[in-house]
Amino acid sequence: MKQPYENVYIGNFIFALGFQAAKTNNGLSDKAVQLVQQTPDEQKLNDLFVNWSGKSFIFEFKRNIEKISTELKKDAKKLLNKCLNNPINERALTLSNKSHFLGYGLESGLGFVHYSTIHNKIERYYPLDKFCSAIVGGEHDLGLNHEELKEYLSFIETVTKSTSEGCGGFILNVSDDGGLNMVPFDNVKVLSQTLDIKPEPPAPRPTRSFGMGM
């Protein structure tokens, strides 16, 4: 059978995330997964990410385990991997391991590994169901807040001298109220610059009152 392309795996990942989120206390009764396209002209990501509440992640995908090695054929990706594994960048490695993952196709399902480890032979991985549960459940120390994400993206921009052909993927934001929002990107420099915009406080929600009719 022909191996699916990355967009099929991304769709499966989004579905699995929504399924797991629906099982949490917050659920998804008044929410939807929002997949929004970011362009170099977009300067207000805080409008798209529900004011950047909650935790954010960076994801990249490959069709299968054999394709992972091709990730390091691009100079920017090779530089990033090398710098993340340099002992002087311990802080960046910590941020990366909490938030930056690569997903790849298995014979049945998806596996996920820390992006910082893709130069190694893959012997262990996070299976799709448990990984999605960990992301939306909040029991594990995963994901970055707004300031941490800005710091990590600035690190990527600096060490890769990122251009439009540098590092790309998409960012997932799991907001405090359980909403799931995603922004594809192919230019980390533009993305890190947009995060310099300070998020606005969320607008108060209107309340409903119920009274006795006369």
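Tabulated data
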item: Test: Asp186 is surrounded by fewer than 21 Cβ atoms within 10 Å (Cβ to Cβ) and within 15 Å of the chain's Cα centre (by Cα); result: yes
item: Residues of the range 76-88 classified as surrounded by fewer than 13 Cβ atoms within 10 Å (Cβ to Cβ) and either touching a residue at least 40 places away in the same chain (Cβ under 8 Å) or not hydrophobic (A, V, I, L, M, F, W, C) (or both), total; result: 2
item: Within the range 107-121, considering residues that are over 26 Å from Ser192 (Cβ atoms) and at pLDDT 85 or above, the one surrounded by the most Cβ atoms within 10 Å (Cβ to Cβ); result: Leu110
item: Conditions (1) at pLDDT below 75; (2) open to solvent by 50 Å² or more (accessible area, probe 1.4 Å): number failed by Gly166; result: (2)
item: Restricting the range 58-75 to residues that are out of contact with any helix residue (DSSP H, G or I) (no Cβ under 7 Å at 6 or more places or on another chain) and open to solvent by less than 10 Å² (accessible area, probe 1.4 Å), the residue that is modelled with the highest pLDDT; result: Phe59
item: Pairs with Cβ under 9 Å, 6+ apart, first in the range 119-139 and farther than 13 Å from Leu102 by Cα and of a type in the set (Ser, Thr, Tyr), second part of a loop (DSSP other than H, G, I, E, B) and open to solvent by 50 Å² or more (accessible area, probe 1.4 Å); result: Ser133/Lys23; Ser133/Glu139
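The values are calculated or read from the model by the stated rules, or taken from the named source; none is laboratory data. What you see is a predicted model; the values in this text were computed from it and never measured. Every residue, glycine among them, receives a Cβ derived from its backbone with ideal geometry; neighbour counts consider all protein chains shown. Accessible surface areas use protein heavy atoms only, side chains included; no ligands, DNA or RNA. Shrake-Rupley method; radii C 1.70, N 1.55, O 1.52, S 1.80 Å.
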